[in-house]
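Some notes on the structure that comes next.
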Amino acid sequence: MAHSTNYVPILSLSSISEIYPPLDVNAQSDRCRALIETFRSVYPNRSPKFISRAPGRVNLIGEHIDYAGFGVLPMALSRDILIAVDVSDDDEDRRVRIANVNGEKYKPSSWEFEGKEKIVEIIVEEGVSVWCNYFRCGYKGILQYLGIDNPKGMYCLVDGTVPSGAGLSSSSAFVCSVALATSLANNANLTKKQITEISIESERLCGMNTGGMDQTASIFSQKGHALYIQFLPSLNATPVRLPSIDPPIAFVIANSLVTADKVVTAPIHYNLRVIETKLAAYDLGKTLFGKECENLKQVCDLHSETSEVKVSHLEFLSEFVENHYSEPNKREGHSLDELAELLNLSKSEIHAKFLSKFPVRAERFHLYKRSKHVFDEALRVLRFHEICLASEKSNVGDREVKENDVGGQETFENLGRLMNQSHESCKKLFDCSCDELDKLVRICLDGGAVGSRLTGAGWGGCTVSLIREDQIEPFIQHVIANYYKPLFPHLTKKQLNDAIFATRPGSGAAIIVGL
Ligand code: NG1
Ligand code: MG
């Protein structure tokens, strides 16, 4: 079907080889057929009109800097969220029915459209994560955007293969897939950019003060490419090839099997980190330029007088932060009283400005550690991206890079070093690792990875490791022997295959028709 690259592609079931790696195509066709069958038994006398599909992602580098406005570099996985959808032809029917193939864990639910303003109620209870909330959020976001007052009734069945709480972005894949499904069911033809921006806003309705990396990766990724995403001055996603060296490089994902449900821990982890980076932006903006900055990217823009981020700008800011917060008590974070003094705001002003939109709880707010991480990590993304670009260039005739780099070993090691530095910084400055992740990273490095780091928000979930393709098997065996066997001796073969696997850059979202 002819479609510009501005829109999510529409494929027939017979051409899903465009989405999935060659070895997976048969299994994925079977999965789609099983989904259609189950749909017919869950909703008797109905058949799905289409399937919306949005993948999870693994972030290669650029952790916890998307919400600070800096660029990141993830790639899409083959693992995804499929939603089979039938649209009601009864004009009076405005009910949405949802079910999951894993009905044990995710109970069916349904709701009635509640008018153009409210659309559907979403109750976010602190510390509780409810699966159907993600559906409601994506649904609400799209209808709010479209301003429709007579949406279609929908019958939906969800099948997800992205592990939840693993830092592989199951939540965003779900919200993106719902946004796609809802827009198509209501005959709206939205661009990738619209779907992405609506999905980002929508996920915030679930209680997460999210950045935009995951949704952008899910919608915009292209097979065979990682995605370089910039957020400011406006969303910009550029596919980039990973260096092709010989033997080829590969990424292996290993799940620590410590589940991190970010919605549940948001007030002390994720949402708190977002606020700490905003507090630092406010302080640094005032100190350096006498201006109130929303995020750390704005501080960088004011410093450089352009929206382009360069190595030298980030180096300056990283150094500045070292000096600005050099007194020992400032290294240890600020209590609310100390914050009030530092920012020259009253405590109630701090509450109103920073602490009221999403609840957060902390004894001390770490402005030094968080801002230092953000500037340094943004720098690592630039360098990682540069290496990819240089190697792309070397493959089309510019031999300079390659000739000095026998077998691509230097390229390989440089990428690995950046990933290792990223993990250290996540652990020591951003405090978003955990003992199991640190242990897993060490085992991965001992097992032949040149770089290994936590991926996604952290506090559990997965690591991503860079190795040579011909080392995948022994590497996986090493990690199984040293991490999974001692810590999780009862895992089945299937559970192990789900916990540790090699991955290639996958395709972004799609709509599957012709069922
Ligand atoms: P995960 O762990 O995949 O949910 C989260 C955020 C990203 C980004 C990373 C940290 C959501 C939906 N995603 O990812 O925006 O900030 O953490 O780099 O909140
Ligand atoms: Mg998530």
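Looking at the range 174-197 only, could you name the residues that are closer than 19 Å to LEU235 by Cα, more than 11 Å from ligand 1 (Cβ to nearest atom) and buried (at least 24 other Cβ atoms within 10 Å of the Cβ)? Can you show your working first?
At the first step, the residues of the range 174-197 found to be closer than 19 Å to LEU235 by Cα are 175-176, 179-180, 190-197.
Next cut, more than 11 Å from ligand 1 (Cβ to nearest atom) only: 179-180, 190-197.
Passing the criteria: ALA179, LEU180, ILE195, THR196.
Which members of the range 318-354 meet the condition of being loosely packed, with under 14 Cβ neighbours inside 10 Å, of a type in the set (S, T, N, Q) and under 21 Å from VAL299 (Cα atoms)?
If the condition is that a residue be loosely packed, with under 14 Cβ neighbours inside 10 Å, of a type in the set (S, T, N, Q) and under 21 Å from VAL299 (Cα atoms), then ASN323, SER326, ASN344 are the ones that fit.
Name the residues in the range 2-42 that are in contact with a strand residue (DSSP E or B) (Cβ under 7 Å, 6 or more places away or on another chain), over 13 Å from VAL158 (Cα atoms) and touching a residue at least 40 places away in the same chain (Cβ under 8 Å), would you?
VAL8, PRO9, ILE10, LEU11, SER12, LEU13, ILE16, GLU18, ILE19, TYR20, PRO21, ASP24
Which of (1) of a type outside the set (Gly, Ala, Ser); (2) under 22 Å from PHE113 (Cα atoms); (3) under 23 Å from the mean Cα position of the chain (by Cα) is the odd one out, the single condition ASP149 does not satisfy?
The single condition ASP149 does not satisfy is (3).
Given the conditions (1) farther than 19 Å from ALA173 by Cβ; (2) under 17 Å from the mean Cα position of the chain (by Cα), and given that VAL87 satisfies all but one, which numbered condition is not satisfied?
(2)
When only residues in the range 306-318 that are hydroxyl-bearing (Ser, Thr, Tyr) and not in a helix (DSSP H, G or I) count, which is farthest from PHE384 (Cα to Cα)? Walk me through how you get there before you give the answer.
At the first step, the residues of the range 306-318 found to be hydroxyl-bearing (Ser, Thr, Tyr) are 306-307, 312, 318.
The next check asks that each one be not in a helix (DSSP H, G or I); those that pass are 306-307.
Numbers: THR306: 22, SER307: 20 Å.
Among residues in the range 306-318 that are hydroxyl-bearing (Ser, Thr, Tyr) and not in a helix (DSSP H, G or I), the one farthest from PHE384 (Cα to Cα) is THR306.
Report, by residue number, each residue of the range 189-209 that is part of a helix (DSSP H, G or I) and within 16 Å of ligand 2 (Cβ to nearest atom). Break it down into steps so the answer makes sense when it comes.
Start the filter on the range 189-209 by keeping residues that are part of a helix (DSSP H, G or I), which leaves 192-204.
Result: THR196, SER199, ILE200, GLU201, SER202, GLU203, ARG204.
Would you please list the contacts, defined by Cβ atoms under 7 Å and residues six or more apart or on different chains, that run from a residue in the range 261-273 that is hydrophobic (A, V, I, L, M, F, W, C) to a residue that is within 13 Å of ligand 2 (Cβ to nearest atom)?
VAL263/SER129; VAL263/CYS206; VAL263/GLY207; VAL263/MET208; VAL264/SER129; ALA266/GLY207; ALA266/MET208
Tell me yes or no: at least one residue of the range 483-503 is closer than 21 Å to TYR228 by Cβ and within 24 Å of the chain's Cα centre (by Cα).
If we filter the range 483-503 for residues that are closer than 21 Å to TYR228 by Cβ, which is where we start, we get 503.
Checking which are within 24 Å of the chain's Cα centre (by Cα) leaves us with 503.
Yes - at least one qualifying residue is present in the range 483-503.
Only residues that are outside any loop (DSSP other than H, G, I, E, B) and within 12 Å of ligand 1 (Cβ to nearest atom): list them for the range 139-173, please.
Within the range 139-173, the first condition is being outside any loop (DSSP other than H, G, I, E, B), and the residues that meet it are 139-146, 154-160, 170-173.
SER170, SER171, SER172, ALA173 - these are the residues of the range 139-173 that are outside any loop (DSSP other than H, G, I, E, B) and within 12 Å of ligand 1 (Cβ to nearest atom).
All but one of (1) crowded, with 18+ Cβ neighbours inside 10 Å; (2) farther than 30 Å from ILE195 by Cβ hold for PRO505; which doesn't?
For PRO505, the exception is condition (2).
Would you please list the contacts, defined by Cβ atoms under 7 Å and residues six or more apart or on different chains, that run from a residue in the range 200-228 that is without any contact (Cβ under 8 Å) to a residue 40 or more places away in the chain to a residue that is away from ligand 2 (no atom under 14 Å from the Cβ)?
THR216/THR196; THR216/ILE229; THR216/LEU235; THR216/ALA237
Among what's in the range 220-257 and is β-branched (Val, Ile, Thr) and within 13 Å of ligand 1 (Cβ to nearest atom), pick the residue that is farthest from the chain's Cα centre (by Cα). Give the steps one after another, and end with the answer.
First, pick out the residues of the range 220-257 that are β-branched (Val, Ile, Thr): 229, 238, 240, 245, 249, 252-253.
With the extra rule that they be within 13 Å of ligand 1 (Cβ to nearest atom), the set shrinks to 229, 253.
Details: ILE229: 11, ILE253: 14 Å.
Step by step, filter the range 220-257, then rank; the result is ILE253.
Looking only at the range 421-461, count how many residues are of a type outside the set (A, V, I, L, M, F, W, C), closer than 18 Å to PRO74 by Cβ and assigned to a helix (DSSP H, G or I). So that I can check it myself, show each step before the final result.
In the first step, residues of the range 421-461 are kept if they are of a type outside the set (A, V, I, L, M, F, W, C); the result is 421-425, 427-428, 431, 433, 435-436, 438-439, 442, 446-448, 451-453, 455-456, 458, 460-461.
If we keep only those that are closer than 18 Å to PRO74 by Cβ as well, we get 421-423, 425, 451-453, 455-456, 458, 461.
Those still in the list that are assigned to a helix (DSSP H, G or I) too: 421-423, 425.
Adding up the residues that qualify gives 4.
Exactly one condition in (1) out of contact with any helix residue (DSSP H, G or I) (no Cβ under 6 Å at 6 or more places or on another chain); (2) surrounded by fewer than 21 Cβ atoms within 10 Å (Cβ to Cβ) is false for VAL101; which is it?
(1)
Being in contact (Cβ under 8 Å) with a residue 60 or more places away in the chain and touching an Asp or Glu at 6+ places or on another chain (Cβ under 7 Å) is the requirement here; does SER465 meet it?
Details: in contact (Cβ under 8 Å) with a residue 60 or more places away in the chain: yes; touching an Asp or Glu at 6+ places or on another chain (Cβ under 7 Å): no.
Here the answer is no, as SER465 does not meet what is asked.
Working only within the range 199-215, note down all residues that are more than 9 Å from ligand 1 (Cβ to nearest atom) and surrounded by 24 or more Cβ atoms within 10 Å (Cβ to Cβ).
Residues satisfying the conditions are SER199, SER202, GLY207.
Collect the residues in the range 64-81 that are buried (at least 23 other Cβ atoms within 10 Å of the Cβ) and farther than 18 Å from LEU232 by Cβ, keeping them in residue-number order.
MET75, ALA76, LEU77, ARG79, ASP80, ILE81
Given the criterion in contact with a Leu (Cβ under 8 Å, 6 or more places away or on another chain), of a type in the set (Gly, Ala, Ser) and more than 16 Å from ligand 2 (Cβ to nearest atom), identify the matching residue among SER177, SER183. Before the answer, list the steps.
Values: SER177 fails: more than 16 Å from ligand 2 (Cβ to nearest atom).
After applying the criteria, what remains is SER183.
Each reported figure results from applying straightforward, stated rules to the coordinates on display, with no laboratory input. Predicted model only: the values in this text are computed from it and were never measured. Ideal geometry is used to build each Cβ from the backbone, glycine not excepted, and the neighbour counts take in all protein chains shown.
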